[in-house]
Amino acid sequence: MALLEKVDKNIEARAWQGEIPIQSRYTCGLAGEKFFREIMENGRFAGTHCAECEYTYVPPTIYCERCFAKLDEWVEVGPEGTVQSFTVLLVAPDGTPLEEPDILALIQLDGADSVLVHRLGKVGLDELAIGMRVKAVFKPKKEREGSILDIVHFVPVNA
Ligand SMILES: [Zn+2]
């Protein structure tokens with residue numbers, strides 16, 4: 001294959017087989033640090049608010065995505081919220097069927113304008129609805145490690 005020849009299929013590209021040992025560390029950033037620390041230490045949700053846009057970000061950001069202002073106004077939101085969308089997973093990423101459906105949802109916590117992605121639990125498929133009210137269920141404090149998985153799932157408010 002000539003150097004300037006166009007490759008239409010990636011399997012036609014010249015390749016060398018091998019492994020590259022790479023280690024990396026991805027930080028959750030200033031806003032993520034506070035977000036996860038609030039969950040871990042206090043079982044609360046922290047968001048940032050842009051007064052100019054009247055918009056509250058959860059998960060928080062340190063810059064407004066709309067007007068690019070630096071955000072340093074923190075607000076507490078949730079722990080209850082509203083399901084804005086959801087999807088029901090019936091197979092695992094490897095294609096094997098799941099014993100129980102896994103429900104992922106976009107949850108708008110009370111006081112937030114953006115949404116958080118997380119699992120729904122203790123809800124029948126026939127109960128699922130956009131607009132349903134849910135609340136966060138956190139792991140016991142001593143089991144939390146500063147991760148989004150410190151939230152077990154969200155369940156219906158009346159569960
Ligand atoms: Zn803004």
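The values are calculated or read from the model by the stated rules, or taken from the named source; none is laboratory data. Predicted model only: the values in this text are computed from it and were never measured. FYI the Cβ positions are ideal-geometry reconstructions off the backbone, even for glycines, and counts take in every protein chain you see.
Being touching a helix residue (DSSP H, G or I) at 6+ places or on another chain (Cβ under 7 Å) and either among the acidic types (D, E) or within 24 Å of G131 (Cα to Cα) (or both): is that true of F45 here?
Judged against the criteria, F45 is a match.
Here is a yes/no grid of residues against (1) under 16 Å from the mean Cα position of the chain (by Cα); (2) at pLDDT below 95; (3) more than 24 Å from G81 (Cβ to Cβ); (4) within 16 Å of the ligand (Cβ to nearest atom):
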| position | (1), (2), (3), (4) |
| --- | --- |
| P21 | no, yes, yes, no |
| C28 | yes, yes, no, no |
| K34 | yes, no, no, no |
| I39 | yes, no, no, no |
| F45 | yes, no, no, no |
| Y55 | no, no, no, yes |
| V58 | yes, no, no, yes |
| T61 | yes, no, no, yes |
| E65 | no, no, no, yes |
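Only a single item in (1) within 16 Å of the ligand (Cβ to nearest atom); (2) closer than 23 Å to V152 by Cα is not met by G81, and it is number (1). Inspection of the stretch 120-142 identifies no residue that is of a type in the set (K, R), crowded, with 17+ Cβ neighbours inside 10 Å and part of a loop (DSSP other than H, G, I, E, B). P101 meets each of the listed conditions (1) in contact (Cβ under 8 Å) with a residue 24 or more places away in the chain; (2) on the phi > 0 side of the Ramachandran plot apart from (2).
Any idea which residue in the stretch 104-113 is nearest to E73 (Cα to Cα), counting only those that are touching a residue at least 40 places away in the same chain (Cβ under 8 Å) and buried (at least 18 other Cβ atoms within 10 Å of the Cβ)?
A112
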